[in-house]
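Comments concern the structure below.
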Amino acid sequence: MSTTNSAKPSPGDLLKSKLPLKKSIKGPKPLSEKTQFNKQELEACSDGELFAGSDARLPADQLLMLDRIVDIKPHGGVFNKGEIVAEIDITEDNWFFECHFKGEPLMPGSLMLEGMWQTLGFYLGWSGYPGKARALGLGELKLRGEVKPDAGALQYRISIRKIAARQTVLAIANGVILQNGTEIASAKDLRVGLFSV
């Protein structure tokens, strides 16, 4: 008498066995093990010299809206898919206070948003994805506070929600701007793409 089980597999078992296995899709390896970058290094990124063999660049000179990267990691953040924290120092010497507005200087909201896009673009470059970063839009922006010349440092906190790497690379993230620990702006569905241009 045989003791082996010769039961037929169920139709559900057969269906499961014919489904392709899901592959874990991982992004490229980060171009640097560093998790903090100073102003000099960010300026080198503007010149295309920070990451060897990479197209990753930031805007230069007055349009560089970052003074340092405080932390960057491939996991973590609100969605546990990556996070980057950057800062910009705000002083009365910032160029935009001379013209926005005369007699009542405020940092333009558009430059606050630009800082969030730059932070997300830097994350993509650091992550090793190929191409040049371009801002593609956002779902929602809320400005809750004004940035005056005595603001000190602003902190950009960007949480990666999704990175889709197909013909082009698209990052979608949420972000907040903090001033002295208080949230003064938030953005949902920030979008930055990488293109070979």
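The values are calculated or read from the model by the stated rules, or taken from the named source; none is laboratory data. What you are looking at is a predicted structure, and each value in this text was computed from that prediction instead of being measured. Here Cβ is always computed from backbone atoms with ideal geometry, including for glycine, and neighbour counts include all displayed protein chains.
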Qualifying residue in the stretch 137-145 (condition: over 22 Å from residue 97 (Cβ atoms), outside any strand (DSSP E or B), of a type in the set (A, V, I, L, M, F, W, C) and in contact with a Leu (Cβ under 8 Å, 6 or more places away or on another chain)): yes
Residue count for the stretch 150-168, restricted to those that are over 17 Å from residue 130 (Cα atoms) and touching a strand residue (DSSP E or B) at 6+ places or on another chain (Cβ under 7 Å): 11
Residue pairs meeting the criteria (Cβ under 7 Å; at least 6 apart or on separate chains; first surrounded by fewer than 16 Cβ atoms within 10 Å (Cβ to Cβ), in the stretch 69-80; second hydroxyl-bearing (Ser, Thr, Tyr)): 71/35; 73/35; 78/159; 79/159
Candidates 89, 93 - the one that is at pLDDT 95 or above, in a loop (DSSP other than H, G, I, E, B) and farther than 27 Å from residue 195 by Cα: 93
Filter pass, residue 173 being outside any loop (DSSP other than H, G, I, E, B), at pLDDT 95 or above and closer than 16 Å to residue 85 by Cα: yes
Failed condition for residue 102, given (1) in a strand (DSSP E or B); (2) surrounded by fewer than 14 Cβ atoms within 10 Å (Cβ to Cβ); (3) not small (Gly, Ala, Ser): (1)
Subset of the stretch 34-68 (residues that are aliphatic (A, V, I, L, M) and surrounded by fewer than 19 Cβ atoms within 10 Å (Cβ to Cβ)): 44, 52, 60, 63, 64
Residue 157 being farther than 15 Å from residue 69 by Cβ, touching a residue at least 24 places away in the same chain (Cβ under 8 Å) and surrounded by 14 or more Cβ atoms within 10 Å (Cβ to Cβ): no
Residue in the stretch 178-187 that is at negative phi, crowded, with 17+ Cβ neighbours inside 10 Å, modelled with pLDDT of 95 or more and part of a helix (DSSP H, G or I) present: no
Qualifying residue in the stretch 7-27 (condition: under 23 Å from residue 156 (Cβ atoms), touching a strand residue (DSSP E or B) at 6+ places or on another chain (Cβ under 9 Å) and either modelled with pLDDT under 85 or surrounded by 12 or more Cβ atoms within 10 Å (Cβ to Cβ) (or both)): yes
Tabulated pairs, the stretch 131-152, first of a type in the set (Gly, Ala, Ser), second assigned to a loop (DSSP other than H, G, I, E, B) and surrounded by fewer than 13 Cβ atoms within 10 Å (Cβ to Cβ), C-beta under 7 angstrom, 6+ apart or interchain: 131/196; 152/180
Residues (surrounded by 20 or more Cβ atoms within 10 Å (Cβ to Cβ) and either among the hydroxyl-bearing types (Ser, Thr, Tyr) or closer than 17 Å to residue 178 by Cβ (or both)) located in the stretch 118-144: 118, 119, 120, 123, 127, 129
